[in-house]
Amino acid sequence: SQTIHQWPATLVQPVGSPLSLECTVEGTSNPNLYWYRQAAGRGLQLLFYSVGIGQISSEVPQNLSASRPQDRQFILSSKKLLLSDSGFYLCAWSARANTEAFFGQGTRLTVV
Amino acid sequence: SQQGEEDPQALSIQEGENATMNCSYKTSINNLQWYRQNSGRGLVHLILIRSNEREKHSGRLRVTLDTSKKSSSLLITASRAADTASYFCATDARNKLVFGAGTILRVKS
């Protein structure tokens, strides 16, 4: 069966520090991968999505970047965190377009 | 901007009552999906309705889709305290799964 792993679950980072959040999927190949951010009590904002290795589409210009070095690995990065980067980050995958998505348990990032 | 927008933003009902949440979207879609999120957790897929379907059922869930009005509704019948969660609609356009702002449902026992 397919599983998605996202870590860490919580993270407290100082302003200006780098960020690396990792997401891996098991049990499937060539998934669509997504990074979302959710502010407290709000909806999900699509940050990046990828339909294949090295193929990244950015939805919102910001100081975050994403990479997909392997088929089932999706990484969210920042060189210098801002206070406004605080939030709940969710990784998800789907088998292809127009199918259900499966979410990781999320990373709560607090930038101090 | 969000593709889907839910209303109401928050809903509080008594256990046993029905809960109805609505979603409106802006562009043409292939399907519309509903998800549930317990506080501080990832989202869980509930149901997918295709653009050529008008109604779909899954257990206590009933989803309708009106493509002419670009709207969908999620009905939870005979609600339980365990249904307390946030509910989101999502639309899929060109590999992008875009979510609305969600409805926070509280079921009081």
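The values are calculated or read from the model by the stated rules, or taken from the named source; none is laboratory data. Remember, predicted model here, so these are calculated numbers, not experimental data. Glycine also receives a Cβ, built like all others from the backbone with ideal geometry; neighbour counts cover every protein chain displayed. Remember, those area values only see protein heavy atoms, side chains included, never the ligands or the DNA or RNA. Shrake-Rupley method; radii C 1.70, N 1.55, O 1.52, S 1.80 Å.
Give, as residue ranges, the strands (runs of 3 or more DSSP E) completely inside region A:17-112 that count at least 1 residues that are open to solvent by 20 Å² or more (accessible area, probe 1.4 Å) and at negative phi.
Counting at least 1 such residues, we get A:19-26, A:32-38, A:44-52, A:55-58, A:64-70, A:73-78, A:101-103, A:107-111.
Go through region B:1-63 and tell me which strands (runs of 3 or more DSSP E), entirely inside it, have 2 or more residues that are open to solvent by 40 Å² or more (accessible area, probe 1.4 Å), within 13 Å of chain A (Cβ to nearest Cβ) and among the aliphatic types (A, V, I, L, M).
Numbers: elements: B:4-7, B:10-14, B:19-25, B:31-37, B:43-50, B:55-58.
The strands (runs of 3 or more DSSP E) meeting that bar are B:43-50.
How many of the residues in region A:4-33 are touching a Ser or Thr at 6+ places or on another chain (Cβ under 9 Å) and of a type in the set (Gly, Ala, Ser)?
Counting residues in region A:4-33 that are touching a Ser or Thr at 6+ places or on another chain (Cβ under 9 Å) and of a type in the set (Gly, Ala, Ser) gives 4.
Hey, could you check region B:67-80 for residues that are touching a Ser or Thr at 6+ places or on another chain (Cβ under 7 Å) and open to solvent by 40 Å² or more (accessible area, probe 1.4 Å) and say which is nearest to B:GLU5 (Cα to Cα)?
Filtering first and then ranking leaves B:LYS70.
Please give the number of the condition B:VAL107 fails out of (1) assigned to a strand (DSSP E or B); (2) out of contact with any helix residue (DSSP H, G or I) (no Cβ under 7 Å at 6 or more places or on another chain).
Answer for B:VAL107: the failing condition is (2).
When you scan region B:31-39, do you find a residue that is in contact with a Lys or Arg (Cβ under 7 Å, 6 or more places away or on another chain) and modelled with pLDDT under 95, even just one?
Residues of region B:31-39 in contact with a Lys or Arg (Cβ under 7 Å, 6 or more places away or on another chain): B:31.
Then keep just the ones that are modelled with pLDDT under 95; that gives B:31.
Within region B:31-39, one or more residues are in contact with a Lys or Arg (Cβ under 7 Å, 6 or more places away or on another chain) and modelled with pLDDT under 95.
For region B:81-98, enumerate the residues that are over 10 Å from the mean Cα position of the chain (by Cα) and either surrounded by 14 or more Cβ atoms within 10 Å (Cβ to Cβ) or farther than 27 Å from A:LEU33 by Cβ (or both).
Scanning region B:81-98 gives B:ALA81, B:ALA82, B:ASP83, B:THR84, B:ALA85, B:THR91, B:ASP92, B:ALA93, B:ASN95, B:LYS96, B:LEU97, B:VAL98.
Output the residues belonging to region B:82-109 that are small (Gly, Ala, Ser) and more than 7 Å from every other protein chain (Cβ to nearest Cβ).
Within region B:82-109, B:ALA82, B:ALA85, B:SER86, B:ALA90, B:ALA93, B:SER109 qualify.
List pairs: first residue in region A:5-19 and among the hydroxyl-bearing types (Ser, Thr, Tyr), second residue open to solvent by 40 Å² or more (accessible area, probe 1.4 Å) anywhere in the structure, Cβ distance under 8 angstrom, at least six positions apart or on different chains.
Once the first residue is among the hydroxyl-bearing types (Ser, Thr, Tyr) and sits in region A:5-19, its partners that are open to solvent by 40 Å² or more (accessible area, probe 1.4 Å) give A:THR10/A:ARG108; A:THR10/A:THR110; A:SER17/A:LYS80.
So, of the residues in region A:42-54 that are facing chain B (nearest Cβ under 10 Å) and over 28 Å from B:ILE104 (Cα atoms), which turns out to be farthest from the chain's Cα centre (by Cα)?
Among them, the one singled out is A:VAL51.
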